[in-house]
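The values are calculated or read from the model by the stated rules, or taken from the named source; none is laboratory data. If you're wondering where the values come from, they're calculated on a predicted model, not measured in any experiment. Cβ sites come from the backbone with ideal geometry, for glycine too, and all protein chains shown count toward neighbours.
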Amino acid sequence: MALVTIAKIHDIALAQMVRMKFESEEIPVHLGSEGFATLLGVQSSYSAVRIQVPDAYERQARRVYSELMQILEQEE
C-alpha cells in the first residue's frame, strides 16, 4: 500500500497531535522523517515531518486534518 503525504509540518508537537487525532479516527498514520526532525530540530524544510497515510485513507485524512487545523486556528 502506497503512502500519501497529507502535510509537511515544522512543529514536532503539532505533528504528534495530528498523529493522535488520526489514530483516534482509526486512520493509519506514519510520521516520515520524525527521527531526523527530532535530531536536528524542526527548523528547516529539510527537517519537516511528513504526515503520511495509506492512499486508501487519503480523502478521510485530508478532511480530518483540515478540520483539526480550523479548530486550532480558532483557538489562537
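Would you say Ala15 is over 20 Å from Leu68 (Cβ atoms), of a type outside the set (D, E, K, R), modelled with pLDDT of 85 or more and touching a strand residue (DSSP E or B) at 6+ places or on another chain (Cβ under 9 Å)?
no
Per-residue answers, yes or no, for (1) modelled with pLDDT under 95; (2) over 17 Å from Lys8 (Cα atoms); (3) part of a strand (DSSP E or B):
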residue	(1), (2), (3)
Glu26	no, yes, no
Thr38	yes, no, no
Val42	yes, no, no
Tyr46	yes, no, no
Ile51	no, no, yes
Glu58	no, no, no
Arg63	no, no, no
Glu67	no, no, no
Glu76	yes, yes, no
